Structure formats: C-alpha cells, structure tokens
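Remarks on the structure that follows.
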Amino acid sequence: MNTTVAEKLIEFIDQSPSAFHATENLAKRLRQAGYTELFEGEEWTIEKGGKYFVTRNSSSIAAFRVGKEISDYNFQIVASHSDSPTFRLKEKAEMLMDNHYLKLNTEGYGGMILTSWFDRPLSLAGRVMVKNGNQIETRLLNIDRDLLQIPNVAIHLIRDINEGKVLNKQIDLLPLLAGEGAHAGQLYDLIASELDVKAEDIYGLDVQLYNRTKPGIWGLNNEFFSSRQLDNLMSAYTTFEGFLAGHNEESVELYFCFDNEEVGSGTKQGALSTFSADVTHRIVFALGGNESTYYRALAQGFMVSADNAHAVHPNHVELMDDTNHTYMNQGVVIKAHAEQRYTSDAQSVALFKYFAEEAGVPLQFFSNRSDKRGGSTLGNLMMAQASLNTVDVGCPQLAMHSAYETAGVKDPEYMVRVIENFFNHHVTKSGNGTYIIH
C-alpha cells in the first residue's frame, strides 16, 4: 500500500502545531516554488503567467496563479482551514497552588472531545508579539518538548468516573506546568528563553496547547494513520499539493486556507471575512479589469471547499445515515445537506464527479441522519463574500475533534489527485448553466 502522501502529511502536521506554523510552512513552500509574496498594505503588480501569495494575520493564506492565456477568465478555487480545536492561554495564565503546583489558565477553542486531552504529553505553540526598540515583532513559538499534562483524577477518588462525569473546563482541564518550587513568572521566563528575548519585552500572546503524541501509521496492513489536527490540516495539505501540481493557462487559480473555522469564521482572517473578496477583487483590478470583469469571473468560476468528513465508526454504524456510508481508504467524500449546511448541489456534485472519474479517484457521499443535526464548514460562509458554484468535500476520518484523530492512508493521495485534475482543466459555463471542461 502506497503511504507516501500520508507520510508527507504527517511530517507537515508534525511541523505545524498551530495555524501560524501551518501558514508559515505553506508560505515557505510557495517561496521555494517561485511564488512572489504580496502584502495587503502595498500596491499589487500582477502579470499574466505570474504566481503570487498573500497572508493575513499570519494564520490565513491565499495563493494564486494567473494563466498566460487568460482573456474572459474564471476563478478556480480550492479552500480549507488551518485551525483545530484546542485550549488557548488566557492573558494572565499562571495559577499558583500552595507553591507546589503551577497550572495554566486556559479556555476552550472550538468543539473538543474533552476526555481525549487527559494524560497526554502536551506543549505550547503559537504567536508571540515582542517589543524590539520602537517595533512590535511577530515571533513563532514552539516549545518542542513534553512540557504539560492534564492529569485525570484516580478512579478511587471519583468512583463513578466511568458513568459519564460532566467535565468543567475551568476546573478539570487545566494543564500542569511545574511542581515544588513553582513561582509566578515562570511561564514568561520560559517563553522568553525559548525566543531569546527578555520577559518584559513580551507584549502579546496567541498561544495554545498541542498534543505531543507522535503521529503514526498502524493497522494489520498499515492501512490507518493517527495524528493531532487531521481536521483540518489533512485537507489543507492535500489540496495545497493538488494546487501546486495542477495548472491550466486560461484561468485564475486560487488556494485559500483560512483560520478560525472551528469558532465560526467570523474574524478578519476567517472564511466569513472579506479576505477572499479582497484578494479576488485586487487580482481583477491589477489585471486591468473592473467590477463587471469580477462578477463574470465569479459567475464562470467553481470552488472546492475541503474539510474532513466522518467515516462510519466500527462500533456505531447506527449513527450514520441509512444509505450514505463513508469508509476510510474508499475515496473522497462529497458532503450534502438539504438545509444547506454544505454547499453541494446537483450541478457542483456533477462537475466534481467528472474530475474524480477522470483522475481515477473513487467518491463517497455523506449525508446526516435526518433526525440529527450535523456540523457545517467554511464553504457556505465564504459565499456571503464571494459567491460561486461550490462543492463541499473531504477525506473520511474517525474521532473528529479528538486530540488524536484517525484516517486512512489511501485517502490523502486520492484528494491530491482529484484537486490536481481540477486545476489541470479550464472550466467555463454557458448562459443556460452548461459547464464546458477544456
């Protein structure tokens, strides 16, 4: 079984303990591939045949290529997100207990499976703002060692712990940092030492916990792999690889990876922000177009929204829809919902089927049980800013939103192949809604 893409994905995740790190790692790859970095606060010079990228908040990124032969062009877009559920440090995070324990005061970010965070090696990663003279600089932080743990309570002290104890994030889920001799100020001293700065020059923190349990491939035939942050770095990485591999000369091709999907996307760098509309507008104007050009490019365009999907659980098949079963290693999942939590419709599904079939990629279909409310993703939120025909897809996985999730080794390669094939084609749309694929 070919596990190459899965192994490279694991390496990417291992190097990306926060959305800030994931974004920087994507930016490094783009620089190596000859993409020119643009900045939102500066003028953009864009040419046919050019390759560019821009970041926002250091945690969201947009990359794009302009075809050499564009005229009445369209947008071909793939979008995913860089964040995952975790715990984030509060501003005053140190909690000293009887000079014997130093705990950290945290708050939940996104919808977590709380029990999955107990008794695991944890550490800290994120962004630190540092004063340097009259400048405030951004520094990435990754304390690359087992630093913290959230210890469970012994069954002898809570006899009914296996009967469904209700967990309190302010009491039960605070991580332990230090023991006897602990004192106030140690957290900032540690961060300062890691960044080689003075503690008093640390002016701001966007720092979170991350699971240090190593990713790994397992199963009788090495058919599964597990890791932190599969939702949604698995989609972010595989769609990025597909974007880099595929290309046509008649479209403007874009890759977006947004932050803050797990908390609703309503931030300046989220999918609900103006980021996608700002980037696409500026591309059109820099190429000499106008508002009419922009709206035509959207109307002719197509987007793939990629966020992981649920696989059938081996112990709970009853939780899935009766006829739409999705399994790991059986292909990319198309997600649909009657109340439009997902963007997929007959038109967008049909077009994605075309690209998958041509690439030899199997497809599966996910629908929620009609008596259960499911999740949503970034596709329909993006539509509030830049509306175009969109399909919601993902790789199937188990234990979504656990601190340690599981997926199939074949599916990352499937996603790369179908996204590559999507970008290898130029898609146009006639006035009567017919898609023509070149």
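The values are calculated or read from the model by the stated rules, or taken from the named source; none is laboratory data. This is a predicted model, so every value here is computed, not measured. Neighbour counts are summed over all protein chains in view; Cβ atoms, including those assigned to glycine, are modelled from backbone coordinates with ideal geometry. What goes into the accessible areas is simple: the full protein's heavy atoms, side chains included, and nothing from ligands, DNA or RNA. Shrake-Rupley method; radii C 1.70, N 1.55, O 1.52, S 1.80 Å.
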Quick check: Cα centre of segment 348-396 to Cα centre of segment 303-332, how many Å?
12
Return the distance in nm (one decimal) between the two label points of a simple spin-label model at Lys268 and Asn132, each offset 7 Å from Cα along Cα→Cβ.
2.1
Just want to confirm a number: the relative contact order over the chain, from Cα pairs under 8 angstrom separated by 6+ residues, in percent.
22
Computed for the chain: size of charge dipole around the Cα centre, +1 on C-beta of each Lys and Arg, -1 on C-beta of each Asp and Glu, debye to nearest 20, value 100
Using Stokes-Einstein with the Kirkwood hydrodynamic radius over Cα pairs, what translational diffusion coefficient do you get for segment 4-64 at 4 °C and a viscosity of 1.567 mPa s, in µm²/s rounded to a whole number?
103
May I ask you to derive the relative contact order of segment 316-438, considering only C-alpha pairs under 8 Å and at least 6 residues apart, and to give it as an integer percent?
32
Exposed loop sites here are trypsin sites (Lys or Arg not before Pro) in DSSP loop states with at most 15 other C-beta atoms within 10 Å. What is the longest stretch of the chain lacking them?
269-368
When the accessible area of segment 219-278 is split by element with a 1.4 Å probe, what percent falls to carbon and sulfur?
51
Roughly what would the spin-label model give for Asn315 and Tyr295, points 7 Å off Cα along C-beta, in nm?
5.5
Which net charge results when you count Lys and Arg as +1 and Asp and Glu as -1 among the other residues whose beta-carbon is under 13 Å from that of Val197?
-3
Could you let me know the centre-to-centre spacing of segment 89-106 and segment 155-173, using Cα atoms, in angstrom?
20
antiparallel share of DSSP beta bridges within the chain, to nearest 5, in %, is 70
If one builds a Gaussian network model of the chain from Cα atoms under 10 Å apart, the most fluctuating residue listed among Leu233, Leu157, Leu104 is Leu157
I'd like the chymotrypsin sites (Phe, Trp or Tyr not before Pro) in segment 90-152 restricted to DSSP loop residues with at most 15 other Cβ atoms within 10 Å, sorted by number.
Phe118
How do Leu244, Leu351 rank by accessible surface area computed with a 1.4 Å probe, from largest to smallest?
Leu244, Leu351
Treating only the Cβ atoms of Lys and Arg (+1) and Asp and Glu (-1) as charged, compute the dipole magnitude of segment 193-311 about its Cα centre; round to the nearest 20 debye.
120
In segment 1-75, which GluC sites (Glu not before Pro) fall in coil by DSSP and have 14 or fewer other Cβ atoms within 10 Å?
Glu40, Glu42, Glu43, Glu47, Glu69
